[in-house]
Amino acid sequence: MAIPDSKDVPDLTGTWLLNRKLSTDPDDVFILQGVPWAVRKVLKYARLSLQIHQTTPLSAKQSTHTGGNSNGSSDLSGNLKPFTTLRMTQTVNPGGFDSEGSYSVDGSKQDISLPIFGDIQMQLKFIDKSGILDDSIRQILETASLTDKVIQELARNTSKGWEAEVIWGFEELDGRRHLTRNISTTKEEKKVIAKMVYDGPN
């Protein structure tokens, strides 16, 4: 996957602290996702932080071919394709629901297990704002996003029957730049929209 021009790509690197005043109450989302009552109560008052390290190394995909050398030696040509990785650590204090993992932002399906949400399948990729699936989130971010590209996370929990589109990016709120996660969660005929806002980076 070709990575967009860096000036248009959100760089999530840093330590981000959830701003509950600017965020919506996520309880309706957690209910739809089947998070137990006791866990929801802990999350409602816990200090939640995200430590993110974003890297875009080069992956060399090399191929050999026989050149015109009389000795029949093979020339080595490399096709270099950049890809982005997010290494994330989420800390919930108190609660004991900390998690960490490394995720490729290339559209590939990744099976992960999280303390709060259980086993989910996730895909992450860079998209234009016009490619956001949820109409209400797309309309907001087409004008509010501070980058031309956003990170789209598609998540699914087949055992609990819910799907979510999460858009990671940056918005200006209260005159300051914030990391935001706009979340659209659906289960059967129900849909819940939420926004998580983070202060930082530190």
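Placing +1 on the Cβ of every Lys and Arg and -1 on the Cβ of every Asp and Glu, with nothing else charged, gives region 82-156 a dipole about its Cα centre of roughly 100 debye. Taking the average, over residues, of other Cβ atoms within 10 Å as the packing measure, peptides 155-165, 190-200 rank 190-200, 155-165 from highest down.
Proximity of backbone amide H atoms, modeled 1.01 Å from N, is registered between THR147 and PHE170 at under 5 Å, excluding neighbours fewer than 5 places apart on the same chain. Checked against a 23 Å cut-off, the cross-linked pairs LYS125/LYS190; LYS41/LYS160; LYS41/LYS195 give Cα-Cα distances beyond that limit for LYS125/LYS190. Under 17 Å Cα-Cα from LYS149, which aspartates and glutamates qualify once same-chain neighbours fewer than 8 residues away are excluded? The reachable aspartates and glutamates, counting only those whose Cα sits under 17 Å from LYS149, are ASP5, ASP8, ASP11, ASP106, ASP128, ASP134, ASP135, GLU165, GLU171, GLU172. I want the local charge near ILE31. Using Cβ-Cβ distances under 14 Å, sum +1 for each Lys or Arg and -1 for each Asp or Glu among the other residues. So the environment of ILE31 carries a net charge of +3.
Each reported figure results from applying straightforward, stated rules to the coordinates on display, with no laboratory input. Note that the structure is predicted; figures quoted are calculated from it, not measured. Glycine also receives a Cβ, built like all others from the backbone with ideal geometry; neighbour counts cover every protein chain displayed.
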